[in-house]
Amino acid sequence: MDIVLKGGMDGVEAAEQIYNRFNIPVVYLTACSDDSTLERAKVTEPFGYILKPFEVRALRSVIEIALHKHKAERKLKEKQNWFAKALKSINDNVIVTDTKGLITFMNPNAEAAAGWKQEDALGKNLTKVFNIINEQKIDMAKNSIKRIVEDGATVNLPNHTIVIAKDRTEIPVDISASPIRDFDANIAGVVLVFRDIT
């Protein structure tokens, strides 16, 4: 894709639409090397950026690497999609938060129990969406997430734990929370799994 094109759309805008709509990898082949153009091009996540004049051999290498990278990315997206579908089909309620307790995922069962749609809950603190308390009305969610992030241990909340949904319904639950680790074994979030034991 060249960056300077005739018409109302330049190559950066065209590349963004091509990749987003059709999932076709884009390699820029252009004379534009100014910082502002490079910054705009980076946002479209190109698979390569070659400046003119170029050698055919260099172009061929970049295209081959771009196709290989695109194939690997596609496999990764397929795996992510598979895992997301698996999480959504679990019968238990599943909520995932980041290390600050902000919701990043809810499966359909958790949505139904909480009375929240995932898109409305994303980015909100767990305690705003789900209030998890024990029989003495002590907030368990905030303390549990903090403990998991600090200690890295799975926490099984005690008996007589209650989840309070959006409509203030109190649901007795069996609940456990575990850390989610990244590739470097650092804690990246927390997954809460609970079951209505009414």
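The values are calculated or read from the model by the stated rules, or taken from the named source; none is laboratory data. Please read all numbers here as calculations on a predicted model, not as lab measurements. Here the Cβ positions follow ideal geometry from the backbone for every residue, glycine too, while neighbour counts run over all protein chains shown.
Here is a check on your reading of the model: is Leu59 of a type in the set (A, V, I, L, M, F, W, C) and surrounded by 12 or more Cβ atoms within 10 Å (Cβ to Cβ)? Spelling it out, Leu59 is indeed of a type in the set (A, V, I, L, M, F, W, C) and surrounded by 12 or more Cβ atoms within 10 Å (Cβ to Cβ).
If you go through the stretch 45-57 and keep only what is under 18 Å from Tyr19 (Cα atoms), outside any strand (DSSP E or B) and at pLDDT 90 or above, you end up with Pro46, Phe47. Among residues of the stretch 162-188 that are of a type in the set (Lys, Arg), those with a Cβ under 9 angstrom from a residue that is outside any strand (DSSP E or B), sequence gap 6+ or separate chain, pair up as Lys166/Ala114; Lys166/Gly115; Lys166/Trp116; Lys166/Val129; Lys166/Phe130; Arg181/Gly152. Looking across the stretch 68-90, the residues that are out of contact with any helix residue (DSSP H, G or I) (no Cβ under 9 Å at 6 or more places or on another chain) and surrounded by 13 or more Cβ atoms within 10 Å (Cβ to Cβ) come down to Lys69, His70, Glu73, Leu87. One residue stands out in the stretch 152-171 among those that are of a type in the set (Val, Ile, Thr) and in a loop (DSSP other than H, G, I, E, B): the one that is farthest from Gly189 (Cα to Cα), namely Thr169. If you go through the stretch 80-101 and keep only what is under 26 Å from Ile197 (Cβ atoms) and not in a helix (DSSP H, G or I), you end up with Ile90, Asn91, Asp92, Asn93, Val94, Ile95, Val96, Thr97, Gly101. Residues of the stretch 2-21 that are within 20 Å of Ile65 (Cβ to Cβ), surrounded by fewer than 18 Cβ atoms within 10 Å (Cβ to Cβ) and not aliphatic (A, V, I, L, M): Asp2 alone. For the stretch 148-190, taking the residues that are of a type in the set (S, T, N, Q) and out of contact with any Ser or Thr (no Cβ under 7 Å at 6 or more places or on another chain), the one that is farthest from Ile103 (Cα to Cα) is identified as Asn159. Tell me yes or no: at least one residue of the stretch 26-44 is acidic (Asp, Glu), part of a loop (DSSP other than H, G, I, E, B) and without any contact (Cβ under 8 Å) to a residue 60 or more places away in the chain. Yes: the stretch 26-44 contains one or more residues that are acidic (Asp, Glu), part of a loop (DSSP other than H, G, I, E, B) and without any contact (Cβ under 8 Å) to a residue 60 or more places away in the chain. Please find, within the stretch 172-198, the residue that is farthest from the chain's Cα centre (by Cα) out of those that are of a type in the set (A, V, I, L, M, F, W, C), more than 19 Å from Asn91 (Cα to Cα) and not in a strand (DSSP E or B). Among those that are of a type in the set (A, V, I, L, M, F, W, C), more than 19 Å from Asn91 (Cα to Cα) and not in a strand (DSSP E or B), it is Ala185. For Ala113, indicate whether it is small (Gly, Ala, Ser) and either surrounded by fewer than 15 Cβ atoms within 10 Å (Cβ to Cβ) or part of a loop (DSSP other than H, G, I, E, B) (or both). No. Could you go through the stretch 15-32 and let me know if any residue there is among the aromatic types (Phe, Trp, Tyr) and touching a helix residue (DSSP H, G or I) at 6+ places or on another chain (Cβ under 7 Å). Checking the stretch 15-32: at least one residue is among the aromatic types (Phe, Trp, Tyr) and touching a helix residue (DSSP H, G or I) at 6+ places or on another chain (Cβ under 7 Å).
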